[in-house]
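Remarks on the structure that follows.
The values are calculated or read from the model by the stated rules, or taken from the named source; none is laboratory data. Just so we're clear, the structure is a prediction, and the values are computed from it rather than from any experiment. A quick note on method: Cβ atoms are made from the backbone with ideal geometry, for glycine too, and the neighbour counts reach across all protein chains shown. In case anyone asks, the SASA skips ligands and DNA or RNA and just uses the protein heavy atoms, side chains included. Shrake-Rupley method; radii C 1.70, N 1.55, O 1.52, S 1.80 Å.
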Amino acid sequence: MPELPEVEVSRMGIQPHATDQVVTKLEVRQPKLRWPVPDTLFDIEGQTIRAVKRRAKYLILETDIGYALVHLGMSGSLRVLSQATAPDKHDHVDLHLSNGKVIRYNDPRRFGAWLWQEKGGDHPALEKLGPEPLTDAFTGEYLFEKAQGKRTAIKQFIMDNAVVVGVGNIYANESLFTSRINPQRPAGQLNLDEANTLVADIKDVLATAIKQGGTTLKDFTQADGKPGYFAQELLVYGRQGKPCPECGTELESVKIGQRNTVFCPECQK
């Protein structure tokens, strides 16, 4: 599943090709995605894309009259190709641009979405979202205050989009390990120093992943491959049963909120 860094790299990949281009045609081959593609999405035809932004794991294609909202779901990806490139089986949506390129959306599992929001309001999908993790709005003091009285496991707490957006399973595992915080610990037990450390590590883990993904930007203009998906250097995620990279103790795994969680029983007591 694409997480925040993959979505941010997708934004970086399509932005230079889409910004200031007119949408000459919207082509929807399969409207049955996670939610049906709305007829109002065709309002984007004839509009200039003013900016390509991201909110949580949604990509936002801004125009003067509103914005298209794109979610990659479980298996979605975007490419920027020549309009002469023939579509493949799972290429469900094409956004034709005035520069002769097409933004092509591929999604084998069809859990993604293409939505539309008129100018002057926020789409319901963007309501009730917490702050972006890489902004100044996400601080240790904010996390500490938000966690007061909460008995939810800290890992589940930081994965809640109402608390902070974009901290997916991989990055929750990694940041809790570097912070030396046990993922099962109740969120309300964190002190301010620990909250400051955890927030700094979340920012660092996400920024590092985005930097690693930046090396794959050329893949967005290739007809094959999975642009936006990239190899990462992970310390604990997916390494249960292997030695801890810090102390050598065998890494353990447990289910928290139905998600696999890997930690070091020694470093994260």
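Remark: pairs (first residue in the stretch 103-115, closer than 16 Å to residue 11 by Cα; second residue of a type in the set (Phe, Trp, Tyr) and surrounded by fewer than 16 Cβ atoms within 10 Å (Cβ to Cβ); Cβ separation under 8 Å; 6+ apart in sequence or on different chains) = 113/35. Checked against (1) exposed (fewer than 11 other Cβ atoms within 10 Å of the Cβ); (2) within 16 Å of residue 41 (Cβ to Cβ), residue 114 passes all but a single condition, namely (1).
For the stretch 51-66, the set of residues classified as open to solvent by less than 60 Å² (accessible area, probe 1.4 Å) and aliphatic (A, V, I, L, M) consists of 51, 52, 56, 59, 60, 61, listed by residue number. Among the listed residues 152, 85, 48, which satisfies the condition of being open to solvent by 10 Å² or more (accessible area, probe 1.4 Å), more than 18 Å from residue 3 (Cβ to Cβ), in contact (Cβ under 8 Å) with a residue 60 or more places away in the chain and not basic (Lys, Arg)? Just a single option satisfies the conditions, and that option is 85. Screening residue 178 on (1) touching a helix residue (DSSP H, G or I) at 6+ places or on another chain (Cβ under 7 Å); (2) open to solvent by 10 Å² or more (accessible area, probe 1.4 Å); (3) touching a residue at least 60 places away in the same chain (Cβ under 8 Å) shows it passes everything except condition (3). Among the criteria (1) closer than 15 Å to residue 178 by Cα; (2) at pLDDT 95 or above; (3) surrounded by 16 or more Cβ atoms within 10 Å (Cβ to Cβ), the one residue 234 does not fulfil is (2). The residues of the stretch 185-209 that are in a helix (DSSP H, G or I), crowded, with 19+ Cβ neighbours inside 10 Å and not acidic (Asp, Glu), listed by number, are 187, 195, 198, 199, 202, 205, 206, 209. Entry remark, the stretch 131-149: residues being closer than 24 Å to residue 7 by Cα and buried (at least 20 other Cβ atoms within 10 Å of the Cβ) number 3 in total. If I go through the stretch 19-59 residue by residue, how many of them are β-branched (Val, Ile, Thr) and under 11 Å from residue 116 (Cβ atoms)? Going through the stretch 19-59 one residue at a time, the tally reaches 3.
The conditions of being open to solvent by 50 Å² or more (accessible area, probe 1.4 Å), under 19 Å from residue 54 (Cβ atoms) and out of contact with any helix residue (DSSP H, G or I) (no Cβ under 9 Å at 6 or more places or on another chain) are not met by residue 107.
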